[in-house]
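The values are calculated or read from the model by the stated rules, or taken from the named source; none is laboratory data. Given the structure is predicted, the values throughout are model-derived calculations rather than measurements. When we count neighbours, we look across all protein chains shown, and the Cβ atoms used for this are built from the backbone with ideal geometry, even at glycine.
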Amino acid sequence: MTSETPDSADLLPIVIAPDPKLKARTRLVTEADREMLRDIVPRMFSTMYAAPGIGLAAPQIGLDLRLAVIDLQPEDKPAPITLINPRITKVSDEQAIREEGCLSIPGQYADVTRPARVTVAYEDMDGKPQTIEADGLLATCLQHEIDHLDGVLFVDHLSALKRNMILRKMVKEKRLKKSS
């Protein structure tokens, strides 16, 4: 999978807040889901690259699976990571603040405080257990995408005032698009 221009037939519609699908907890991927993953994961990467974004979780395309894809493209080279049934197993006491945005909350950004380092256990496409230790942008992205799998958006880490301002903007923009 590369970040070249994807075929538009491969692109999946991205669920936009405040859709209730984004607030639901996802279920574990089972052996019965594996065949479907072979089709959906490349399409998730195509959708993420086209958006453009650096992470995309299954709820953002309307699926209730513990599945996310990430590619920070270090040095502008694809470095795709597919996370199946990911879970954070360790977090640092040290915190880091980083500006976050979300493909499901387009055009909205805010500083979010999260653990600076994380360890994540997950399965790869072959169902083999993997572990990744991360800091910096990758640590933030891992936490952000795993939050999606638990029905948590980055705005849920903000004060009620900031969160409500952003969500009100989203509702207003959705209304304006429907009326035009």
Query raised in the report: Can we say ALA96 is in contact (Cβ under 8 Å) with a residue 24 or more places away in the chain and touching a helix residue (DSSP H, G or I) at 6+ places or on another chain (Cβ under 8 Å)?
Result: yes
**Report entry** Hits in segment 37-69 (condition: out of contact with any strand residue (DSSP E or B) (no Cβ under 6 Å at 6 or more places or on another chain), of a type outside the set (Gly, Ala, Ser) and over 24 Å from ALA79 (Cβ atoms))
**Finding:** none
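Sort through THR131, THR113 and tell me the only one that's surrounded by fewer than 12 Cβ atoms within 10 Å (Cβ to Cβ), hydroxyl-bearing (Ser, Thr, Tyr) and touching a His at 6+ places or on another chain (Cβ under 8 Å).
Just one listed residue meets the conditions, THR113.
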Query - Contacts under 9 angstrom Cβ, first residue in segment 47-62 being in contact (Cβ under 8 Å) with a residue 12 or more places away in the chain and within 17 Å of LEU149 (Cβ to Cβ), partner outside any loop (DSSP other than H, G, I, E, B) and of a type in the set (Ser, Thr, Tyr), 6 or more apart - result: GLY53/THR47; LEU56/THR47; GLN60/THR47; ILE61/THR47
Report summary line: LEU149 vs (1) surrounded by 12 or more Cβ atoms within 10 Å (Cβ to Cβ); (2) over 15 Å from the mean Cα position of the chain (by Cα): all pass except (2)
Query raised in the report: Here are some conditions: (1) touching a helix residue (DSSP H, G or I) at 6+ places or on another chain (Cβ under 9 Å); (2) exposed (fewer than 14 other Cβ atoms within 10 Å of the Cβ). PRO18 meets all but one. Which one does it not meet?
Result: (2)
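Would you be able to tell me the number of residues in segment 83-93 that are over 19 Å from ASP126 (Cβ atoms) and touching a residue at least 24 places away in the same chain (Cβ under 8 Å)?
Here is the first cut: in segment 83-93, the residues over 19 Å from ASP126 (Cβ atoms) are 88-93.
From the residues that got through so far, the ones that are touching a residue at least 24 places away in the same chain (Cβ under 8 Å) too are 88-92.
So the answer is 5.
Please enumerate the residues belonging to segment 70-82 that are without any contact (Cβ under 8 Å) to a residue 40 or more places away in the chain and of a type outside the set (Asp, Glu). Outline the logic, then answer.
Here is the first cut: in segment 70-82, the ones without any contact (Cβ under 8 Å) to a residue 40 or more places away in the chain are 74-77, 79.
Matches in segment 70-82: PRO74, LYS77, ALA79.
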Query raised in the report: Could we say that LEU176 is of a type in the set (A, V, I, L, M, F, W, C), assigned to a helix (DSSP H, G or I), modelled with pLDDT under 95 and exposed (fewer than 12 other Cβ atoms within 10 Å of the Cβ) here?
Result: yes
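Can you tell me which residue is nearest to VAL171 (Cα to Cα) among those in segment 99-131 that are aliphatic (A, V, I, L, M) and in contact with a helix residue (DSSP H, G or I) (Cβ under 7 Å, 6 or more places away or on another chain)?
Our first condition is that a residue be aliphatic (A, V, I, L, M); within segment 99-131, this holds for 103, 105, 110, 112, 116, 118, 120-121, 125.
Right, trim to in contact with a helix residue (DSSP H, G or I) (Cβ under 7 Å, 6 or more places away or on another chain) and you get 103, 105, 110, 112, 116, 118, 120, 125.
Details: LEU103: 15, ILE105: 10, ALA110: 18, VAL112: 22, ALA116: 32, VAL118: 33, VAL120: 34, MET125: 36 Å.
Only one residue fits best here, namely ILE105.
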